[in-house]
Amino acid sequence: MNMNFKNLININNKIIEIVYIFAILLIPIAFSPEELFGFYQFPKEFLLHFFSSIILICVGLKFLLEPNNLLNKLNSNRLATSAIFFILFSYFLSSIFSINSTASFFGREYGMSTNSFQTYLALSIIFIGIFIRYENIKNITRIFISIIISTSLISIIGLMQFFAPNIFETFTFYHQDRIVSTLGNPIYFGSVLLIGIQLTIVYFLNFYNLEEKKGKEFIWPIIVLSIQYAALLLTLSRGPQFSFIIGIAIIFISYFLLCSKKIKKVLLIFALPILLSIFIVSLPTIDDDNEFFDELVERSGSLSKDLELSIEIQSGTEIISPNSFNYRGENWIGAFKLIRSWPNILDNSNSDLKRFFIGYGPDMYVYVYPITVPIQERIVISANAHNLFLNIFIENGFIGFLSLIFLIFVFLYISKPYLFTNNKNERFYITSLLAILFSRLLEQQVGLAVISDMLFTYIVLALIAIKTIKLKVNIINIYKSSYKLITPVFAIIFISISLFFISDNYNKFLSSINLGKGLASLSEGDIEEGIKSLEKSSRYNDMSEIIETELFKLSYKIYQVENKRDSQAASALLPLMYERLYSFEERSPYSFNTQLFITTIAWEMAKRNPEIFREEAISRYIRLRNLMPQYLGPQEVLANVLVAVGELELGKEEAKIGIKMSDYAGLNSPQSWWVKGEAERYLGEKNDAIESFSNSIKEAEITTELEYNSEHRDFAFLVLSHQSLGLLYENNDNRRALYHIQEAIKIAYNTGNVLLLEDRFR
């Protein structure tokens with residue numbers, strides 16, 4: 001091998017290491033001003049996808065420059081690499097058969113693609129890059145030092161956010177009750193610290209040999225750990241904190257049993273940073289308003305309540321208290337229902353058994369969650385099951401679930417020899433890494449993963465894989481096999497994929513910038529410039545629901561203005577809005593906002609041209625209800641629309657369903673009772689109509705409490721029900737008719753619902 005060729009190989013290897021080191025350093029820290037949409041998570045996704053693309057190019061070059069070395073590196077721990085590839089394969093397979101393949105491959109939205117195939121491909125590439133680059137202990141120590149620097153920097157930012165919030169007034173993460181640092185959410189921050197702090201401790205104990213240090217060499221690690229501990233405390237994130245205690249306890253016990261006979265010094269190493277961190281969080285802030293310990297007590301108290309998860313079964317109804325832990329409980333119950341039945345979206349009565357094997361698709365939980373959520377009034381959507389095993393089973397099916405179990409088993413299996421080796425330092429090291437994985441797995445039973453903590457998780461997996469490399473493996477010589485011609489093919493494929501992802505990533509970046517500009521222009525009242533930026537953003541990324549939502553809201557506002565003028569412009573806008581929404585629906589068929597908007601436009605067109613658009617409007621409302629079958633609102637509106645277009649019997653039956661849903665969930669539904677009453681009034685069922693309107697009034701009085709200063713929507717049904725009763729009594733009971741009409745008028749004028757009154761009553 002000539003010198004130039006060897007230098008080229010060395011440069012390629014160094015680039016791999018430089019890139020993943022930069023990934024470790026920059027991804028947790030990366031954020032952007034609010035001008036870039038998705039300012040917390042999108043920069044992290046962008047960097048992860050970009051850095052991994054560079055590494056993949058280098059891996060492609062290794063197929064050309066040194067295929068034997070590359071394949072033998074991968075073969076040196078083929079169980080570990082196979083486990084990583086199995087996970088990736090499950091994401092690929094599930095993405096192909098996803099209910100929205102494009103979104104599963106590339107992510108649904110800016111900063112929301114953690115579960116996408118592209119992200120798991122990027123994480124797998126980072127893993128492979130670290131694994132194949134390993135040559136000696138220096139490669140490992142550089143990874144640890146990078147993690148320490150990154151974790152310490154985000155901890156310092158978090159502490160500054162707590163103690164000097166005014167400094168960050170112009171930044172996205174300006175003062176919140178719980179610190180978020182550059183992660184955007186205290187739980188996300190806590191998850192990163194959970195792994196980062198434990199890796200910091202492992203480095204100091206295993207590589208830095210902290211126990212043997214004296215003087216200044218002993219001081220600075222204690223300061224680093226104290227800062228990191230303090231930041232973790234200030235997140236007030238119970239899941240990461242509890243899991244950290246478990247992980248650190250295992251590390252402490254194993255270190256004491258295996259590596260140290262100096263109990264006092266061991267306790268000092270572990271206990272002193274904790275004491276210093278408590279001192280730090282008790283210091284006064286700039287505004288002398290340090291309420292940490294009060295908030296800690298409150299959070300601890302709420303946890304004790306949360307753990308009292310009692311599921312009371314009454315006629316099959318699961319009643320769960322509305323707090324954070326029980327919100328996850330609702331998610332888990334719904335997830336188990338999905339796993340039992342695997343219903344088709346839009347046809348919830350039928351099972352789609354292929355979903356058992358491949359799931360609904362990565363990042364698709366958000367669209368299946370409404371099928372199994374307990375009946376409720378407010379539309380609250382969850383994008384994650386808040387449990388790793390449940391989420392991967394629903395999104396990736398049994399194959400994805402099996403791949404996760406296989407990964408856990410493999411890494412335990414390959415670690416087993418090192419757990420019983422005579423080398424106590426090696427036993428401690430591998431035990432500590434497994435403890436970190438265990439604590440992470442524990443935290444993920446109630447949490448959800450994002451880019452930064454997933455990156456740290458894959459780094460831990462890579463460290464275990466490197467430690468458990470088998471020195472004696474079958475040597476592969478690709479040049480002496482029939483597969484030698486395949487190496488340039490792989491090189492071309494890898495480089496092509498990388499260039500595609502770089503291009504796609506760049507377009508999303510430009511789209512995000514223009515989306516941020518557009519929203520900023522709109523907030524400043526510059527409508528024209530806002531629309532231009534949004535349209536430009538859409539050209540760079542035509543899969544973004546956020547862009548389409550903002551453009552529709554603008555168009556609909558213009559339509560409403562023109563409609564008041566009764567102009568031809570209003571009529572002309574409707575088909576244009578419908579066409580655009582329909583086009584986006586083809587790309588993202590289960591988008592809730594899209595379905596809501598396109599249904600709204602279909603109804604507007606049906607009011608103008610009932611003969612042409614009546615059936616379309618009805619089918620749209622049915623589709624919207626089927627997408628959200630457990631939410632009372634869409635059910636009520638569907639019944640209302642059916643009665644409005646003359647489908648009285650069908651509308652009455654749908655109103656009955658709304659009433660049953662509300663009774664089942666212990667809610668009130670004045671709208672369903674009013675709609676039922678209207679259908680009965682026009683069908684000539686006078687007595688039933690009177691009962692329905694009376695029930696509507698009773699339930700509306702409960703929900704509004706007759707506080708006329710309130711803007712409660714149910715005041716509308718108080719007005720309508722009183723008015724309808726007045727009309728019913730008009731021909732045979734003047735006294736009752738007058739009473740109800742007067743009540744309707746009084747409530748209408750006191751609550752701003754005058755337009756609901758018939759012209760003669762205004």
Tell me yes or no: at least one residue of segment 79-91 is surrounded by fewer than 19 Cβ atoms within 10 Å (Cβ to Cβ), free of Cβ contacts under 8 Å to residues at least 60 places away in the same chain and assigned to a helix (DSSP H, G or I). yes
Can you list residue pairs whose Cβ atoms sit under 9 Å apart, with the first residue in segment 153-165 being in the same structural domain as R178 (by TED's automatic domain parsing) and within 14 Å of F189 (Cα to Cα) and the second being assigned to a helix (DSSP H, G or I) and of a type in the set (S, T, Y)? Count only pairs 6 or more apart in sequence or on different chains. I154/S452; S155/Y229; G158/T235
Just one of (1) surrounded by fewer than 17 Cβ atoms within 10 Å (Cβ to Cβ); (2) modelled with pLDDT of 75 or more; (3) more than 27 Å from E443 (Cβ to Cβ) trips up R355, so point out which. (1)
I need every pair where a residue in segment 6-27 that is assigned to a helix (DSSP H, G or I) has its Cβ under 6 Å from the Cβ of a residue that is at pLDDT 95 or above and of a type in the set (F, W, Y), sequence separation at least 6 or different chains. V19/F51; A23/F51
All but one of (1) on the phi < 0 side of the Ramachandran plot; (2) surrounded by 20 or more Cβ atoms within 10 Å (Cβ to Cβ) hold for G397; state the number of the condition that does not hold. (1)
Check on E562, surrounded by 17 or more Cβ atoms within 10 Å (Cβ to Cβ) and acidic (D, E): no
If only one of Y749, Y729, Y739 is of a type outside the set (S, T, N, Q), farther than 28 Å from K656 by Cα and without any contact (Cβ under 8 Å) to a residue 60 or more places away in the chain, which one is it? Y749
Looking at (1) touching a residue at least 60 places away in the same chain (Cβ under 8 Å); (2) within 27 Å of N12 (Cα to Cα), find the lone condition where I145 falls short. (1)
I'd like to check something: does segment 50-72 contain any residue that is touching a residue at least 12 places away in the same chain (Cβ under 8 Å), part of a helix (DSSP H, G or I) and of a type in the set (S, T, Y)? yes
With the structure loaded, tell me whether S82 is among the hydroxyl-bearing types (S, T, Y) and either in contact with a His (Cβ under 6 Å, 6 or more places away or on another chain) or farther than 21 Å from T487 by Cβ (or both) or whether it fails that test. no
The residue from D566, D542 that alone is under 19 Å from I513 (Cα atoms), in a loop (DSSP other than H, G, I, E, B) and out of contact with any strand residue (DSSP E or B) (no Cβ under 7 Å at 6 or more places or on another chain) is D542
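Would you pick out the residues in segment 669-695 that are within 41 Å of the chain's Cα centre (by Cα) and under 28 Å from E604 (Cα atoms)?
S669, P670, Q671, S672, W673, W674, V675, K676
Quick grid of which residues meet (1) modelled with pLDDT under 90; (2) buried (at least 16 other Cβ atoms within 10 Å of the Cβ); (3) over 24 Å from Y556 (Cβ atoms); (4) not polar (S, T, N, Q):
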| site | (1), (2), (3), (4) |
| --- | --- |
| P610 | yes, no, no, yes |
| S619 | no, no, no, no |
| Q635 | no, yes, no, no |
| N640 | no, yes, no, no |
| V643 | no, yes, yes, yes |
| E647 | no, yes, yes, yes |
| E654 | no, yes, yes, yes |
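The values are calculated or read from the model by the stated rules, or taken from the named source; none is laboratory data. From a predicted model like this one, the values you see are computed outputs, not experimental measurements. Neighbour counts run over all protein chains shown; Cβ positions are idealised from the backbone, glycine included.
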